[in-house]
Amino acid sequence: MLQRVSLTILLILAIVLGPFSKQGAHAQQPYPAPPLSGGAGWLNTSRPIDLRDLRGKIVLLDFWTYCCINCIHILPTLKKLEEKYPNQLVVIGVHSPKFNTERDIENLRRAVLRYDITHPVISDSSKSIWRRYKINFWPTMYLIDPEGKVCAWRRGEAPFDVIDKAIARQVRIHKQKGTLNEKPIRWDLELDKQPSTPLRFPGKIIVDATGQRIVIADSGHHRLIITDLSGQNATVIGSGQAGRQDGSLSQASFHDPQGMVLNGNTLYVADNLNHMVRKVDLEAGQVTTIAGTGKMLTSYSSLRGRSSTPTRYALSNPWDLSLVNGRLYIAMAGTHQIAVLNLQSNSISPYAGNGVEDVRDGSLTKCCLAQPSGLATDGKVLFVVDSEGSSLRTVSLPPGNSVGTLVGTTGLPMFQSLFAFGDRDGQASAVRLQHPIGVTYSGGKIFIADTYNHKIKIVDPAARSCVTLAGTGRRGTSLQPLQLHEPAGVAVAGQTLFIADTNNHRIVTFDLASQQARAMTIPGLEPAPRRPATRR
């Protein structure tokens with residue numbers, strides 16, 4: 001994601017700038033790396049890091065922000081590089097925020113834990129380091145050689161092989177010069193300071209059609225939990241370890257599962273970081289993959305006009321699902337699109353969005369979406385929360401062919417809609433949300449998890465009005481008044497609103513009549529076993 005430019009332009013610039021190397025990405029001679037001073041605090045280290053203390057190491061600075069899907073795409077690559085060069089490479093995340101909420105180091109701490117980041121991260125909340133390095137894109141990477149000089153930089157996502165070659169070159173050069181320090185470094189990880197909880201960063205939550213069961217995406221534990229409405233009689237689906245294995249309910253594995261649809265005894269799951277859609281047959285007790293290859297789609301252009309076998313069709317961060325008339329609609333946050341899987345014909349194709357990250361209305365193929373992360377429906381249209389556009393969109397179902405915006409801005413010049421966020425109730429384009437992730441429809445109203453505002457809001461689609469239902473606007477754990485911490489999922493059963501209070505690791509029930517809240521307990525639910533973190 002860019003500061004003021006679309007993903008499309010980012011990809012074009014990445015091609016123009018060439019490989020992650022001094023000659024390709026930037027032809028100037030190496031120069032002393034600017035300092036990392038001016039941050040608001042460090043994570044995954046017991047003390048601030050001075051680049052001068054890392055002389056002898058190759059340092060990779062990753063400028064990122066945790067709302068940015070492109071920044072999240074890079075994290076597995078960084079982890080793989082750290083594993084290949086455990087004694088030569090130091091990765092440092094420089095978190096320069098887009099949204100106001102991302103400036104809070106406690107919110108950043110939760111993101112570091114949620115994405116299993118095990119390298120040091122500095123909170124660049126005032127963007128002083130961002131300006132010092134002249135950054136204007138998320139993500140951007142700088143490579144610093146063992147003598148403390150910037151030797152390469154890259155805007156946008158870069159494949160592993162490209163970065164690997166640049167690092168390997170520095171290893172060769174500085175081994176020959178005798179300036180490479182290969183003494184191991186160990187970091188003081190945030191993970192080691194956190195208590196285990198029965199739920200870990202729950203993402204989405206749904207209620208079945210009969211209103212008798214809820215399903216929780218226990219995303220941080222890479223599993224699903226089914227209970228009755230009171231939290232009793234829990235069934236766990238998934239091993240609790242990140243993976244993509246099909247099989248029995250206890251043996252199958254997921255990786256950051258998010259949105260779900262329950263149709264009778266068939267559960268469909270958006271397996272986000274596996275870039276797949278999974279099917280859970282609750283009667284047979286089996287999990288199978290029905291769409292996605294397990295590899296992330298990297299170019300939206302390859303989707304245009306294409307329909308194919310679902311398991312040969314690459315997806316990109318499927319974040320939510322909606323089932324209407326035998327068609328499973330898939331919110332693909334990674335390419336800013338919605339795809340549709342026809343369960344009867346077993347075919348999949350693009351449905352809405354041209355792949356450009358923006359908030360623009362129009363036909364299904366010409367409209368722009370911005371990291372769609374939540375889907376709901378009234379049977380006539382899809383209601384879509386665009387996280388990066390901080391807006392609520394409407395997408396026509398067949399035979400319709402239009403995309404509109406219910407609340408939030410649309411069509412502003414030069415991608416300005418991506419930066420029109422805040423916390424303002426009202427009507428239509430006057431409304432301001434902040435990176436909403438969850439949405440559900442019930443009783444003619446739309447309930448939104450206004451994630452970065454720590455609130456739940458209600459939208460009347462007829463009046464295009466938006467009002468705050470719950471949450472104070474500040475992160476917290478209080479139930480009276482209700483405080484939330486980046487809630488990402490909502491569901492309604494009768495007069496009860498279920499909230500996935502993600503960063504508080506809990507499910508909250510909110511009585512719509514009395515507006516009383518309580519934290520749900522799930523007797524007997526144990527945390528998933530922790531896999532030891534990769535250490536330095």
### Message
If I stretch the segment between Arg186 and Glu83 completely, what's the gain in nm (0.36 nm per residue apart, minus their alpha carbon distance), one decimal?
### Response
35.8 nm
### Query
By how many nm would the segment from Ser196 to Ser126 lengthen if fully extended, with 0.36 nm per residue of separation less the alpha-carbon distance?
22.0 nm
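Quick one: of the DSSP bridges fully inside segment 7-193, what percent are antiparallel, nearest 5?
Numbers: 14 of 24 bridges.
Antiparallel bridges make up about 60 percent of those DSSP assigns within segment 7-193.
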### Task
Towards the positive end of the charge dipole of segment 7-193, with charges on Cβ (+1 Lys, Arg; -1 Asp, Glu), say which of Ile144, Leu61, Trp187 has the farthest Cα.
Ile144
### Translational diffusion of segment 349-483, µm² s⁻¹ [Kirkwood Rh, Cα pairs; Stokes-Einstein; 25 °C; 0.890 mPa s]
167
### Task
Evaluate 2.2 N^0.38 Å with N set to the residue count of segment 242-351, then give the Cα radius of gyration divided by it.
0.97
### Message
What's the magnitude of the charge dipole for the chain around its Cα centre, counting Lys and Arg as +1 and Asp and Glu as -1 at the beta-carbon? Answer in Debye, nearest 20.
### Response
1580
### Query
Say R0 is 35 Å: what FRET efficiency, to the nearest 0.05, do Ser478 and Gln241 get from their beta-carbon distance?
0.55
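If each residue's Cβ is checked for other Cβ atoms within 10 Å, how do Met520, Met141 rank with the fewest at the top?
The most exposed by this proxy come first: Met520, Met141.
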## Note on the structure
Computed D for segment 7-193, Stokes-Einstein, Kirkwood radius over alpha-carbon pairs, 20 °C, 1.002 mPa s, to the nearest µm² per second, is 130
### Task
Please work out the C-alpha center-to-center distance from segment 246-297 to segment 76-101 and express it in whole Å.
29
### Message
Checking the cross-link filter: which lysines have an alpha carbon closer than 23 Å to that of Lys177, excluding same-chain neighbours under 8 positions apart?
### Response
Lys22, Lys57, Lys84, Lys149, Lys165
### Query
When the helices in the chain are scored as -39500 (n - 2.57) per DSSP H run of 4 or longer and the sum is shared across all residues, what 222 nm value do you end up with, to the nearest 500 deg cm²/dmol?
-3500 deg cm²/dmol
### Query
Using the alpha carbon gyration tensor of the chain, what are the three equivalent-ellipsoid semi-axes (square root of 5 times each eigenvalue), largest first, in whole Å?
37, 25, 23
### Query
Could you give the distance between the Cα centres of segment 142-189 and segment 360-406, to the whole Å?
43
### Query
Tilt of helix 160-177 relative to the longest C-alpha principal axis of the chain, in degrees (0 to 90, nearest 10)?
20
### Query
If each residue's Cβ is checked for other Cβ atoms within 10 Å, how do Lys57, Lys366, Lys204 rank with the fewest at the top?
Lys366, Lys57, Lys204
### Ranking of Val150, Val94 by count of other Cβ atoms within 10 Å, fewest first
Val150, Val94
### Query
Considering the chain, which cysteines have no disulfide-compatible partner, defined as another cysteine with its Cβ under 4.7 Å away?
Cys67, Cys151, Cys367, Cys368, Cys466
### Summary
Extend 7 Å from the Cα of Ala430 along its Cα-to-C-beta direction; within segment 398-413, residues with backbone N under 13 Å of that point are 408
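Only the coordinates and a few stated rules stand behind these numbers; no lab work does. Computed from a predicted model, the values in this text were never measured in an experiment. Positions of Cβ are generated from backbone atoms using ideal geometry, with glycine treated the same way; all protein chains shown enter the neighbour counts.
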